[in-house]
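The values are calculated or read from the model by the stated rules, or taken from the named source; none is laboratory data. The model shown is predicted, which means the values in this text are computed figures rather than measured ones. Cβ coordinates were reconstructed from backbone atoms using ideal geometry, including for glycine residues, and neighbour counts include every protein chain displayed. Side chains included, ligands, DNA and RNA excluded: accessible areas come from the protein's heavy atoms. Shrake-Rupley method; radii C 1.70, N 1.55, O 1.52, S 1.80 Å.
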Amino acid sequence: MRLLRLYPPAWRARYGEEMLALLEQHRLTMRTRIDLLRGALDAQLHQRSPVMSRNRRPSMRWSLLVALLPSTFVVVHWAVQLFPFPDDSTLWNALVVLGMMVAALAATWSGSRAHRMGGRLRDSAVAGGLVGMAALLIAWIVSWGLTIAALAGVYAWAADLQGGSGHITFSFGPYLAQVWPEVLLGAAEFAAVGCLAGTVLGLAGGWLGRGAGGGWLRSGATRGPINAKRRTGYDGVPS
Amino acid sequence: MPIQRPRTNDLADLGRFSEPALLVLASLAEGPKHGYAMMQDILEFHGARMEPGTLYGVLARLEARGWISPLPTEGRRRPYRLTAPGAAVLQAHLTVMQRVVSTGRHRLEPHGSRAAP
């Protein structure tokens, strides 16, 4: 049953076999398939060993929060532009490099964590790919949001504060109509690059998490005592 | 008299899963059952067909709260049983429902009806 593959690995380890046994007796209709899709989405969103116990931190939410970090560098760079330093190009380059390093670490960490939650290498690749894609997409969206905000007058307001003069009259509609192909194309490129790089890094994280090297990563991805229940991703009611 | 509903042990906390959870608890009140038997039982006493995705979303939540517990597997199937806290939650919910039902019925009776003609 292919739809069961959409459930988190820990869920499948706990409920997969009995669900399969049930589905063999059940008439599969379109409604059943849609219900399984909703169930998989629900399990992915609420997976805490396997879905809703109280002890496991929601890893997907954590990963996305980490993925947000690169966008903070875009914000910092924007602030730097508002109040320019004598030479901000070095600072900008440093910020970009730092942002990409954080994104790379986030993707690797997610891959390792996916493995520690009972996933296979494929799950690590998916986790890393998602985080990489989210990181670059968020950075792209924040970057464009700040550009539009600056054009809408925020920059002029800040210039006024510094003793400058003049306002920019800005009309959002015509501007967006002009630049949307560039925005969409850029978003697609960022998403593709982030996904590809994240997948590779997620695989690396999963490999490191297996104990092939990287104990530091393993301990970082699963802080606290590691026991058999954590390994299987199930620490709810004993089976 | 205001109705006191338990806060921490309330089925309503389960959101969209609260009604399916009630059906599962009611089904297990009869005795341990595995997933397919629950679905058949619910179809029989409620008339609604519960789909597997919803059923296992409910089972995971009820199990995490300790309201049901799994029994050893029988082949590939795993039966579940209602626990004492689960029975208490079910009892509390049924009491509230019973009160709503009797109040509604009473108010719908001709002599007690306040509905506009």
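Some points to look at:
- Note on segment A:1-15: residues that are open to solvent by 10 Å² or more (accessible area, probe 1.4 Å), closer than 20 Å to B:Arg77 by Cβ and not in a loop (DSSP other than H, G, I, E, B) amount to 5.
- Within segment B:42-76, the set of residues being in a helix (DSSP H, G or I) and open to solvent by 30 Å² or more (accessible area, probe 1.4 Å) comprises B:Leu43, B:Glu44, B:Phe45, B:His46.
- Given (1) at pLDDT 95 or above; (2) over 23 Å from A:Leu36 (Cβ atoms); (3) of a type in the set (Phe, Trp, Tyr), index of the condition B:Tyr80 fails: (2)
- Checking each residue in segment A:25-46 for being more than 9 Å from chain B (Cβ to nearest Cβ), loosely packed, with under 13 Cβ neighbours inside 10 Å and not hydrophobic (A, V, I, L, M, F, W, C) picks out only A:Arg27.
- Candidate set from segment A:116-131 (those that are open to solvent by 40 Å² or more (accessible area, probe 1.4 Å) and under 16 Å from the mean Cα position of the chain (by Cα)); member that is nearest to A:Leu6 (Cα to Cα): A:Val126
- Neighbours by Cβ (under 8 Å, 6+ apart or cross-chain): first from segment B:46-63, at the interface with chain A (Cβ under 7 Å from one of its Cβ atoms); second of a type in the set (Phe, Trp, Tyr): B:Thr54/B:Phe17; B:Tyr56/A:Tyr15; B:Gly57/B:Phe17; B:Ala60/A:Trp11; B:Ala60/A:Tyr15; B:Arg61/B:Phe17; B:Glu63/B:Tyr80
- Residues located in segment B:66-78, provided they are touching a helix residue (DSSP H, G or I) at 6+ places or on another chain (Cβ under 8 Å) and in contact (Cβ under 8 Å) with a residue 24 or more places away in the chain: B:Trp67, B:Ile68, B:Arg77, B:Arg78
- Restricting attention to segment B:77-93, the residues that are touching a strand residue (DSSP E or B) at 6+ places or on another chain (Cβ under 8 Å) and either surrounded by 18 or more Cβ atoms within 10 Å (Cβ to Cβ) or within 11 Å of chain A (Cβ to nearest Cβ) (or both) total 7.
- Which listed residue is under 20 Å from the mean Cα position of the chain (by Cα), at negative phi and either assigned to a helix (DSSP H, G or I) or at pLDDT 85 or above (or both), from A:Ala104, A:Ala94: A:Ala104
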